[in-house]
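Okay, so here's the structure we're looking at.
No lab work stands behind these numbers, since they all come straight from the coordinates. As the structure is a computational prediction, the values presented were derived from the model and not from experiment. Here the Cβ positions follow ideal geometry from the backbone for every residue, glycine too, while neighbour counts run over all protein chains shown.
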Amino acid sequence: MKSAFSREAEGPPIIEFRGIVKVYGAGHAAVKALRGVDIRIAPGEFVAMMGPSGSGKSTCMNIMGCLDTPTEGTYLFNGVDVGALSRNQRAILRRNYVGFVFQGFNLLSRTSALENVELPLIYRGVSAGERHAQALEALEAVGLREWKRHTPGELSGGQQQRVSIARAIVTAPEVLFADEPTGNLDTARGREIMELIKRLNVERGITVVMVTHESEMASYAERIVRFLDGVVEEDNGRGKGEGT
Amino acid sequence: MLWNALLLALREIRRNVMRSSLTILGIVIGVAAVIIMVTIGNGATARVTEEIASLGSNLLILRPGQRLGPGQRSEAAPFDIEDVEAIARDIGGVFAVAPSSVQPATAIYGNLNWNTTVTGTDNHYLTVRNHVIASGREFSENELRAGRAICIIGETVRKELFGSQDPLGGKIRLGKLSCEVIGVLASKGQSMGGSDQDDTVLVPLRTLWRRIAGNQEISHIHISAREGVTTEKVQRDIELLMRERRRVSAGEEDDFSVLDMKEISEALTGSTEVLTSLLGTVAAVSLLVGGIGIMNIMLVSVTERTREIGVRLAIGALEREVLMQFLVEAVVLSSLGGVLGIVLALAASSVLTDVMRVPYVFDPWIIVIAVIFSAGIGVIFGYFPARKAAQLNPIDALRHE
């Protein structure tokens, strides 16, 4: 309900790209990954970014998640110019407003599910008791409360991805960035993960930006942005999110 | 923040037991090797210095045969009592002259026996060799002249034959001779040559001649120079006198030799200095090898850790929080290794100095140096690769191969 409300709100977009360019390398070896991208994403949207490999969709998401910086252009997060933020301020932004889910899970090995989920809370300075309760709650939300003592090596791929989702949502972020979240999973496991992400979007109103190349997974999103050669080729949500 | 860093660091240490223990091991080996080597080197130097002091640097030993050439000594004639008297009478600057003749013998007391050497000599021997009577008395003039069946025993012989009993007045058998113990020498420990100076039995020279050796030979003459007289001068005079007495014609080699203990002690001091610097070098190499071991472990784990740092940055860790965690980790491992290394080194040095019979010389500075160096390597190589990784863009750290 909340997501429906957010999507139609005329408020400022949570993510706004204005002419974002990203160049890797320099001189003759320079590769233009993004050649001027404009996107606006409203709070509560579920956006899938698609495109062939090398089309710039992942680069675009990494810049949105402040994991990478653009070469040119303006990026506003919640109306704040990210380009003007320091390295530490960008880290604080990641800490407080966004969560990440990676294709390769990126959990700490030999570390229990509970400790993995607790990690972002440690950096937030949450007290031990509070931390434990919140981490358990997040594990509960992904259906892995019983597996809290297990390390990634003892969990299946689908379970590991759910732990990483729990880690991403434990801080109640505004935006969840998912980079090919189902890429390492079979179709059935992939659907479960997508159901889970969809539910978080609908029930908690978390804005979701997902990179995928599977149309089936993209179909869980309401808006699909297609990339080709570093520019947005097609955006079925353009106009909707484009409040003046 | 420090508390969080400690929490995160301890989790990392626990999570990587193998890497952590190898790092600790590297530091333990580096620290322990240096401390042990230097302690033994210092002990050996201290012992040699002690022995030189106990020997006295004004001692000359005259013996038949040349110092070089193993076959010659037996061919050369031994000395006789007139030689001793001539030295005492004719050479200026002599403080004491002691003739001696040595025979191996089995000493028997009750049902215990002990293989030792019997030295026939007189009271001057105690003076020139710096022997002190711990209990009992010296030989009397009468006993020396008459060749009585009496003896003074060294500490080792006392311990082996008498144990806790009082040896004075006890009768020990030396071959066919049964003689009464009249004195015990104070312990002098091992000589520089490695022989036990306490494993000895002294009897009057005449007693040895008549009752044990069956001849009237003197195998060594110990001479101590008077204070203020150079041993070189006394040595030259003795050589001239002995050439004359033994009828060595001009141009012929001496058929005797005079050892100057000062020369020997100088040579020995030189060799302990070499030993100490050798041990020091070995220690420095161990420190370096230990250091390289630590470096290796730290650098090899950089790939894995770079991705870990990427994850931490992605979920909102500040660069300084990541660095603090790695610093705490390196400090905890290094100090643990340092403490274990010190404990191991102190235990091993006390055992080794005991086995090698050198004094235990405690040197706090070498402990400080060893710990600072090893821990420094641990901290530097734990911290700097992490710093490099933490300065990357999070996405580059995450994608690090």
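General observations
- Proximal lysines relative to B:K171, as straight alpha-carbon distance under 21 Å, when same-chain residues fewer than 8 apart are discounted: B:K159
- Whole-percent pair-distance distribution, where bins are 5 Å wide, for the alpha carbons of the stretch A:113-244: 2, 10, 19, 20, 19, 13, 8, 6, 3, 1, 0
- Between the Cα long axis of helix B:261-300 and the first principal axis of chain B there is an angle of about 20°, rounded to the nearest 10.
- The stretch A:58-192: translational diffusion in µm²/s, Stokes-Einstein, Kirkwood Rh over Cα pairs, 37 °C, 0.692 mPa s: 210
- Per residue of A:104-112, other chain Cβ atoms within 10 Å of the residue Cβ number 4 on average.
- Dipole of chain A [Lys/Arg +1, Asp/Glu -1 at C-beta], most positive-end residue of A:P152, A:V21, A:V232: A:P152
- Taken about its Cα centre, chain A carries a charge dipole of about 500 debye when Lys and Arg each add +1 at the Cβ and Asp and Glu each add -1 at the Cβ.
- Size descriptor, Kirkwood hydrodynamic radius, that averages inverse alpha-carbon separations across the stretch B:97-162, Å: 13.1
- Magnitude of the charge dipole, the protein assembly as shown, Cβ model with Lys/Arg +1 and Asp/Glu -1, debye to 20: 1240
- Estimated translational D of the stretch A:60-101 in µm²/s (Stokes, Kirkwood radius over Cα pairs; 4 °C; 1.567 mPa s): 124
- Summing Cβ point charges (Lys, Arg +1; Asp, Glu -1) relative to the Cα centre of chain B gives a dipole of roughly 1260 debye.
- Residue among B:I297, B:N113, B:G169 farthest towards the positive dipole end of chain B, charges placed on Cβ: B:I297
- Degrees between helix B:17-55 axis and first principal axis of chain B (Cα, 0 to 90, nearest 10): 20
- The fraction of Cα-Cα pairs per 10 angstrom bin, counted from 0 for the stretch B:165-245, comes to 13, 28, 35, 19, 5, 0 percent, rounded to whole percents.
- Distant alpha-carbon pairs in the protein assembly as shown (separation over 47 angstrom), percent: 49
- Partner shielding of B:391-399 amounts to 5, given as the average count of beta-carbon atoms from other chains within 10 Å of each residue beta-carbon.
- Local electrostatic count at B:R47 - Lys and Arg +1, Asp and Glu -1, tallied over other residues with Cβ under 13 Å: -1
- Between the stretch B:224-250 and the stretch A:133-157, the Cα center-to-center distance that results, in Å: 96
- Spin-label model, A:R35/B:A46: points 7 Å from Cα along the beta carbon direction are separated by 8.0 nm.
- 0 to 90° range, to nearest 10: angle between helix B:2-15 axis and chain B longest Cα axis: 70
- Other protein chain Cβ atoms within 10 Å, averaged over every residue that makes up A:92-101: 3
- Here B:T116, B:T49 are placed in order of increasing Cβ neighbour count within 10 Å, fewest first, which gives B:T49, B:T116.
- Inverse mean reciprocal Cα-Cα distance (Kirkwood Rh) of chain B, Å: 26.2
- Proxy reagent accessibility, fewest Cβ within 10 Å first, across B:D363, A:D179: B:D363, A:D179
- In terms of surrounding Cβ atoms within a 10 Å radius of their Cβ, A:K22, B:K233, A:K57 rank from fewest to most as B:K233, A:K22, A:K57.
- Mean Cβ neighbour count within 10 Å, used as a protection proxy, ranking B:246-254, A:65-73, A:116-124 highest first: A:116-124, A:65-73, B:246-254
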